[in-house]
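For reference, the structure discussed in these notes is given below.
The values are calculated or read from the model by the stated rules, or taken from the named source; none is laboratory data. Small disclaimer: the values here were computed from a predicted structure and weren't measured. We place every Cβ from the backbone using ideal geometry, glycine too, and count neighbours over all the protein chains shown.
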Amino acid sequence: MTEPAAADTGGEGLGTWRTRTIVATMFPLLVVLSVLEMGSGYVLESLEATYLDNPTLLVLVPVMIGMGGNLGAIFSARLSTRLHLGTLSFAPRDEALWANVAAIMCLATTVFAALGVAAWVVGRTIASPMGFADLVVISLVSGLLLAALAVCISVAATYLSYRRGLDPDDTTIPVVTNVCDILGVIVLSAVATLVL
Amino acid sequence: MDVGAEVRRVYRESVGILSVSLLGGLFAGAVLGSEPMREAFRQYPGLLLLLPAFLATRGNVYGAFGARLSSGLHQGLIRPELAYDERLVNAVVASFVNGIGISVVIGVLSWAVLQALGRESARLVELVGITLVSGVLTSVVLVFGLVGLVFGSYEFGLDPDNLIGPIVTTLGDVFGVVFLYLAVVIVGVML
């Protein structure tokens, strides 16, 4: 989710609350993101046969697209707050950093294990069933990979924003959520191809 | 510091919201995997190609709109009531322009990608028809849904900042795919 720079309205004027300003700021970005998302769509379209033959895999797609970004957003928001408070160090032995990483990986394990089980149940009701173990493995492995990528991208984006004097609140979350959105389907497709 | 306690605290703060988002995503996935939707993917080559862009851009458009409403309330620029307010109307109109405009762009892009690769694709008018109809329906529900939920939660004493992400993901997933299917049906009848 791209959050526009907080409404910096100069005095009485409409400032950034003009329709034209909002559209002019966001639309070009949306077009660039859509072009990048076509890469992810291309993978889906190329594996059309795999997905349509195993509809249970399609059940995983929306969560794969959204959840990496959700985890990345939670992690980045924490990094960014600690940066503002001056308590963040990028040292590899920073305990609080590792506590956050561990919490994100625990959250990912919970969510993607639940996703695998729930998708199996949904899959049985809408189509021919898919192997339970295959599905849970695909969901967990791609979910954990995605969470690990989200963590690395968040740390890199926060560090770069900090080095360049940008406020990570404005930069990190949009970058992380969008990159994870794009990677979600790609990671899922790669893992599914390997497992099946 | 007690690392274990910190891990448990972060986990507890987020697990509820992620579960809600998981349920929304599962519902969307069940619709995508259903037989009528699979039939639509076979019937309109290009629909699967545009799916990630269609699902992902909504977070950007409506997440930004929700964040703007929330900052506006916190800054006292807009008030949580459904009366005419130029700032609110401008923000609503801009979200419609962004949300519907990008849907059309996505339809065109997916057709153009398939043409460039020399692959079979649905007709341009079909793909754009589907993204336009679903874009219009999705934006109406998300824009008015967000205004209601953000204002409601603010009045109720909750900080909308903490709720926008999950609200957008959940509403977006649920209504996005339902309207995508509805659009396929409408375009199938009309074209």
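What the table shows:
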| read-out | value |
| --- | --- |
| Residue within the stretch A:74-81 that is within 11 Å of chain B (Cβ to nearest Cβ), charged (D, E, K, R) and surrounded by fewer than 17 Cβ atoms within 10 Å (Cβ to Cβ) present | no |
| Evaluation of B:Gln75 against (1) over 17 Å from the mean Cα position of the chain (by Cα); (2) more than 9 Å from chain A (Cβ to nearest Cβ) (one fails), failing number | (2) |
| Every residue from the stretch A:142-179 that is in a helix (DSSP H, G or I) and small (Gly, Ala, Ser) | A:Ser142, A:Gly143, A:Ala147, A:Ala148, A:Ala150, A:Ser154, A:Ala156, A:Ala157, A:Ser161 |
| Residue identified as out of contact with any Cys (no Cβ under 9 Å at 6 or more places or on another chain), surrounded by 22 or more Cβ atoms within 10 Å (Cβ to Cβ) and under 27 Å from A:Trp17 (Cβ atoms) among B:Gly107, B:Gly145, B:Gly99, B:Gly157 | B:Gly99 |
| Residue count, the stretch B:33-61 (criterion: within 16 Å of B:Thr138 (Cα to Cα) and at the interface with chain A (Cβ under 8 Å from one of its Cβ atoms)) | 10 |
| Residue count for the stretch B:82-98, restricted to those that are at the interface with another protein chain (Cβ under 8 Å from one of its Cβ atoms) and aliphatic (A, V, I, L, M) | 4 |
| Residue under evaluation A:Ser189, criteria (1) part of a helix (DSSP H, G or I); (2) modelled with pLDDT under 95; (3) not charged (D, E, K, R), criterion not met | (2) |
| Test for A:Thr109: is it without any contact (Cβ under 8 Å) to a residue 12 or more places away in the chain and surrounded by fewer than 19 Cβ atoms within 10 Å (Cβ to Cβ) | no |
| Lone qualifier among B:Leu73, B:Leu109 - being in contact with a Phe, Trp or Tyr (Cβ under 8 Å, 6 or more places away or on another chain) and either assigned to a loop (DSSP other than H, G, I, E, B) or not charged (D, E, K, R) (or both) | B:Leu73 |
| Residue list for the stretch A:141-196, restricted to those being touching a Phe, Trp or Tyr at 6+ places or on another chain (Cβ under 9 Å) and not aliphatic (A, V, I, L, M) | A:Ser142, A:Gly143, A:Ser154, A:Thr158, A:Tyr159, A:Tyr162, A:Pro168, A:Ser189 |
| Residues satisfying the stated conditions in the stretch A:83-95, i.e. buried (at least 17 other Cβ atoms within 10 Å of the Cβ) and either polar (S, T, N, Q) or in a helix (DSSP H, G or I) (or both) | A:Leu83 |
| Of all residues making up the stretch B:48-61, the number that are over 17 Å from A:Gly39 (Cβ atoms) and either touching a Phe, Trp or Tyr at 6+ places or on another chain (Cβ under 6 Å) or β-branched (Val, Ile, Thr) (or both) | 1 |
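For (1) free of Cβ contacts under 8 Å to residues at least 60 places away in the same chain; (2) more than 10 Å from chain B (Cβ to nearest Cβ); (3) of a type outside the set (Phe, Trp, Tyr); (4) within 20 Å of B:Gly59 (Cβ to Cβ), each residue gets a yes or a no:
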{"residue": "A:Gly116", "(1), (2), (3), (4)": "yes, yes, yes, no"}
{"residue": "A:Ile126", "(1), (2), (3), (4)": "no, no, yes, no"}
{"residue": "A:Ala147", "(1), (2), (3), (4)": "no, yes, yes, yes"}
{"residue": "A:Leu160", "(1), (2), (3), (4)": "yes, yes, yes, no"}
{"residue": "A:Pro168", "(1), (2), (3), (4)": "no, yes, yes, yes"}
{"residue": "A:Ile173", "(1), (2), (3), (4)": "no, no, yes, yes"}
{"residue": "A:Val187", "(1), (2), (3), (4)": "no, yes, yes, yes"}
